[in-house]
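Enquirer: Attaching a single structure in structure tokens format; questions to follow.
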Amino acid sequence: MKNRVILALMAVSVITAGIVYQLMAPDQVIVEPIVYKEGEMRITSPAYEDNQSLPSVYTCDGRNISPPLLFDALPVGTVSLALIVDDPDALAGSADPGWVHWILYNIPPSVSGIDEDSVPATAAQGLNDWSQTGYGGPCPPSGTHRYVFTLYALDIQLTFPDAPTKSQLISAMHNHVIDQARLIGLYARS
């Protein structure tokens, strides 16, 4: 009974701290920052609507380039932005479920978006699940997959000795996420 009370108190502490812990293996814990109520910040694309098909030019079946993105209503106090693009429907990949397609961080808050097939000058890129930096477009083996573009407004600049993985980026953002916004693109190969 005492252990259940302690576990319940620990769960309440974790929830109030705004963190979700996912046990992936006995010795591995993934820390996921959460914004319980998203603010006004938005991420959109002139190339497709939220929850609609991603044009094939941005996939392995096309030119495999990143789509244009627009950012709007960044919160006051934003020091930098980070972007994670992943496929939660993929079964393999990093320690997290899904497949990481692109990681960008230290995007300046003065940037109102990212042009097609580009990276803002002062932004840095992390490792995708092909163990490369840069954008890797959707290429689902079967069925329709969701490609989630998550934009984070941070109150710090991030520093890494090498290109970070998604879990390293998430860990570094812990307690520094001011707001987040999502844009989802769908893709199925012909």
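The values are calculated or read from the model by the stated rules, or taken from the named source; none is laboratory data. Only a predicted model underlies this, so the values are computations on that prediction, with no experimental measurement involved. Cβ sites come from the backbone with ideal geometry, for glycine too, and all protein chains shown count toward neighbours.
Enquirer: Can you tell me which residue in the range 109-162 is nearest to Pro67 (Cα to Cα), limited to those that are of a type in the set (D, E, K, R) and touching a residue at least 12 places away in the same chain (Cβ under 8 Å)? I'd like the intermediate steps shown before the answer.
Expert: Initial filter on the range 109-162 (of a type in the set (D, E, K, R)): 115-117, 129, 146, 155, 162.
Filter again for touching a residue at least 12 places away in the same chain (Cβ under 8 Å), leaving 115-117, 129, 146, 155.
Values: Asp115: 7, Glu116: 5, Asp117: 7, Asp129: 19, Arg146: 15, Asp155: 26 Å.
Among those that are of a type in the set (D, E, K, R) and touching a residue at least 12 places away in the same chain (Cβ under 8 Å), it is Glu116.
Yes or no, residue by residue, for (1) at pLDDT 95 or above; (2) in contact with a Lys or Arg (Cβ under 9 Å, 6 or more places away or on another chain); (3) basic (Lys, Arg); (4) farther than 19 Å from Asp117 by Cα:
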{"residue": "Gln22", "(1), (2), (3), (4)": "no, no, no, yes"}
{"residue": "Pro26", "(1), (2), (3), (4)": "no, no, no, yes"}
{"residue": "Val29", "(1), (2), (3), (4)": "no, no, no, yes"}
{"residue": "Glu40", "(1), (2), (3), (4)": "no, no, no, yes"}
{"residue": "Ser53", "(1), (2), (3), (4)": "yes, no, no, no"}
{"residue": "Thr59", "(1), (2), (3), (4)": "yes, yes, no, no"}
{"residue": "Asn64", "(1), (2), (3), (4)": "yes, no, no, no"}
{"residue": "Leu69", "(1), (2), (3), (4)": "yes, no, no, no"}
{"residue": "Ser80", "(1), (2), (3), (4)": "yes, no, no, yes"}
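Enquirer: Let me ask something else. Residue by residue through the range 136-149, note down the ones that are within 29 Å of Gly39 (Cβ to Cβ) and touching an Asp or Glu at 6+ places or on another chain (Cβ under 8 Å).
Expert: Within the range 136-149, Pro138, His145, Arg146, Tyr147, Val148 qualify.
Enquirer: Between a first residue in the range 76-91 that is among the aromatic types (Phe, Trp, Tyr) and a second residue that is at pLDDT 95 or above, which pairs have beta carbons less than 7 Å apart while being 6 or more apart in sequence or on different chains?
Expert: Correct list of pairs: empty, since none qualify.
Enquirer: Quickly run through the range 38-65 and pick out the residues that are over 21 Å from Ser190 (Cβ atoms), of a type in the set (Ser, Thr, Tyr) and part of a loop (DSSP other than H, G, I, E, B).
Expert: Ser45 - this is the single residue of the range 38-65 that is over 21 Å from Ser190 (Cβ atoms), of a type in the set (Ser, Thr, Tyr) and part of a loop (DSSP other than H, G, I, E, B).
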